[in-house]
Amino acid sequence: MRSRDGEWLDPIETQALGVLPIPVLVIGEEQAILYANIAAEDFLQSSAALLKRQRLDELLPFGSPVLGLVEEVNRRGASVSEYKLDLGLPRLGTERVVDVFAAPLPRLDGAVVLMLQERTIAEKMDRQLTHRGAARSITALGAMLAHEIKNPLSGIRGAAQLLEGSIPDADRMLTQLICDETDRIVKLVERVELFGDERPSERDAVNVHDVLDHVKRLAQSGFARHIRFVEVYDPSLPPVAGNRDQLVQVLLNLVKNAAEAVGDEAADGEITLSTAYRPGIRMQVPGSQDRIALPLEIVVRDNGPGVPADLLQHLFDPFVTTKAQGSGLGLALVAKVIGDHGGIVECESVPRRTSFRILLPLHQRPGQTTQG
């Protein structure tokens with residue numbers, strides 16, 4: 001079948017489909033994959049040559065609604081669209097939510113063009129705005145806690161210390177317990193206070209790789225000394241517009257979470273730190289019509305057991321945690337700091353592959369226009 005070589009596409013059509021950022025597949029008779037563009041290769045994590053040796057029903061689970069769409073297009077001879085379909089990919093062990101656009105290819109009988117628009121980026125934007133709103137919603141709470149709780153706690157602790165000198169030794173354990181618990185509450189309140197700090201921080205051109213190297217050294221000298229680190233860096237990555245100390249804090253938090261997820265007993269524990277340049281991602285700035293490019297990608301990935309599915313969508317909300325002794329403020333603070341930097345952060349998780357992905361804007365020199 002000559003169509004498997006793509007000869008039914010002229011060079012301009014082939015080039016146009018090839019550079020589209022949306023995965024495009026052409027499906028022929030008996031679900032044969034006739035064509036896959038570069039975005040489809042990336043989406044399906046397979047080369048076009050390998051994909052052409054498979055059928056669509058071999059890639060997707062039995063009864064997938066996408067298979068039904070292809071059949072419907074062939075039956076009706078007209079375009080069909082479906083939104084928010086769960087696209088399971090058994091070979092990759094992942095599920096993705098996509099909008100599917102299917103249309104007949106007039107030039108080739110029985111062929112259907114499939115476009116798969118992943119909803120991840122759009123929903124990341126929406127969820128990120130929710131994360132920022134959640135952070136702002138506890139700003140007032142932080143200020144109130146600082147004033148209304150910290151002062152009485154210092155009085156309680158002082159009173160416990162005074163009692164300690166006038167009670168039997170057997171009861172001193174109780175006063176020590178009071179001091180320890182008041183200290184713990186003060187630390188919690190101080191972490192909440194960070195959300196109320198709306199002062200603009202100093203921003204400059206920051207080399208992301210310098211920050212990651214610093215974080216890795218800190219981790220390997222302490223909590224992650226038993227874990228293997230893998231670095232996959234884009235050496236040509238331009239600087240990010242940010243506050244170096246805050247970015248160190250954010251990435252150290254993510255690496256520490258990754259190390260705790262892997263655990264002390266894992267013989268093959270691994271954390272991957274990667275960077276990449278991803279042009280084409282833009283986000284509208286709340287309260288204005290401006291859209292900023294977010295081409296700088298930083299990923300912290302671990303091979304731990306993964307995040308429970310019921311927590312994944314709420315992971316960056318305050319007081320949500322998977323740790324028995326966690327406060328649930330670490331990732332909320334990560335979302336706030338990255339949001340203050342004009343970026344977004346999101347988590348994707350399946351067993352043995354949990355990724356925290358940060359997208360940030362470029363550092364702009366005075367008079368430089370935003371590229372994306």
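The values are calculated or read from the model by the stated rules, or taken from the named source; none is laboratory data. Keep in mind that this is a model prediction, so the values were computed, not measured. Note that each Cβ is placed from the backbone with ideal geometry, even for glycine, and that neighbours are counted across all protein chains shown.
Values as computed for the structure displayed
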quantity: Qualifying residue in segment 261-268 (condition: in the same structural domain as Ala293 (by TED's automatic domain parsing), within 18 Å of Leu360 (Cβ to Cβ) and in contact (Cβ under 8 Å) with a residue 60 or more places away in the chain); calculated: no
quantity: Flag for Leu273 being at pLDDT 90 or above, closer than 27 Å to Arg352 by Cβ and part of a helix (DSSP H, G or I); calculated: no
quantity: Every residue from segment 216-253 that is over 24 Å from Asp340 (Cβ atoms) and part of a strand (DSSP E or B); calculated: Arg228, Phe229, Val230, Glu231, Val232
quantity: Residue match in segment 302-316 (condition: at pLDDT below 85, within 22 Å of Val248 (Cα to Cα) and in the same structural domain as Thr272 (by TED's automatic domain parsing)); calculated: yes
quantity: Failed item, numbered, when Val70 is tested on (1) outside any strand (DSSP E or B); (2) loosely packed, with under 13 Cβ neighbours inside 10 Å; calculated: (2)
quantity: Boolean, Glu41 is touching a helix residue (DSSP H, G or I) at 6+ places or on another chain (Cβ under 7 Å), surrounded by fewer than 20 Cβ atoms within 10 Å (Cβ to Cβ) and in a strand (DSSP E or B); calculated: no
